[in-house]
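The block underneath contains the structure these notes are about, expressed in structure tokens.
The numbers here are math on the coordinates, done by the rules we state, and not lab data. What you see is a predicted model, and the numbers here were worked out from it, not measured in a lab. Please note: Cβ atoms are built from the backbone with ideal geometry, for glycine as well, and neighbour counts cover all protein chains shown.
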């Protein structure tokens, strides 16, 4: 069985993850040459550990913007997630082997948070660059949605940064490895990341 992508860029990482995926996330740091410092954190796909790992990354970085990334193997476009819901519900085990049924991420927390990213502007920028893109209204109910919800929760609490979640399709090599038919070349994802960062830089002060 293929293990799950383990999620500032914050990224999700899979056991057996192709080097190209790790390289794509690491290359974000090179954008610091243009005047931004970009920190990278890897979150575990273990639901009990995500919140502490996220808070630790936010404390160390003190970011203005946070981009969280995860794999959506069946999608054909870069997906900007619009909303995170306060729900864990998954039959496919996380990387600790846990299955969760209809459990709140934060008991007593708000039902949902919207993305803090300028979704329309980012989506339009990718369209203008000829990159497949969409605004998605469901981040699922697995660890990606959990990371997104907790990120939005911390953003609302701290009031110092904005962030959101972006699902990426498979690269062609990963699609072949796990038996999927949809993919986007790594160079296209690299271009998308550059466009996203440039668009956010135009709004250097997210407040």
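Tabulated results
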{"quantity": "FRET efficiency for residue 36 and residue 187, using Cβ-Cβ distance with R0 set to 30 Å, rounded to 0.05", "calculated": "0.85"}
{"quantity": "Whether the stretch 49-182 is rounded, prolate or oblate, judged on the alpha carbon gyration tensor where a/c under 1.5 counts as rounded", "calculated": "oblate"}
{"quantity": "In nm, spacing of pseudo-spin labels at residue 159 and residue 114 (7 Å Cα→C-beta vector)", "calculated": "1.9 nm"}
{"quantity": "Spacing of the two label points (7 Å from each Cα toward its C-beta) at residue 76 and residue 121, in nm", "calculated": "3.0 nm"}
{"quantity": "Ranked 100, 78, criterion: other C-beta atoms within 10 Å, fewest first", "calculated": "100, 78"}
{"quantity": "Exposure proxy order (Cβ contacts within 10 Å, fewest to most) of 144, 137, 170, 55", "calculated": "137, 55, 170, 144"}
{"quantity": "Extension gain (nm, one decimal) between residue 55 and residue 202, 0.36 nm per residue minus Cα-Cα", "calculated": "50.3 nm"}
{"quantity": "Whole-Å distance, taken between Cα centres, linking the stretch 151-165 and the stretch 118-137", "calculated": "21 Å"}
{"quantity": "Full-extension gain in nm, residue 129 to residue 89, via 0.36 nm per residue minus C-alpha separation", "calculated": "10.8 nm"}
{"quantity": "Length-normalised contact order of the stretch 132-207 in % [C-alpha pairs under 8 Å, at least 6 apart]", "calculated": "21 percent"}
{"quantity": "Residue order, fewest to most surrounding Cβ atoms within 10 angstrom, among 88, 71", "calculated": "88, 71"}
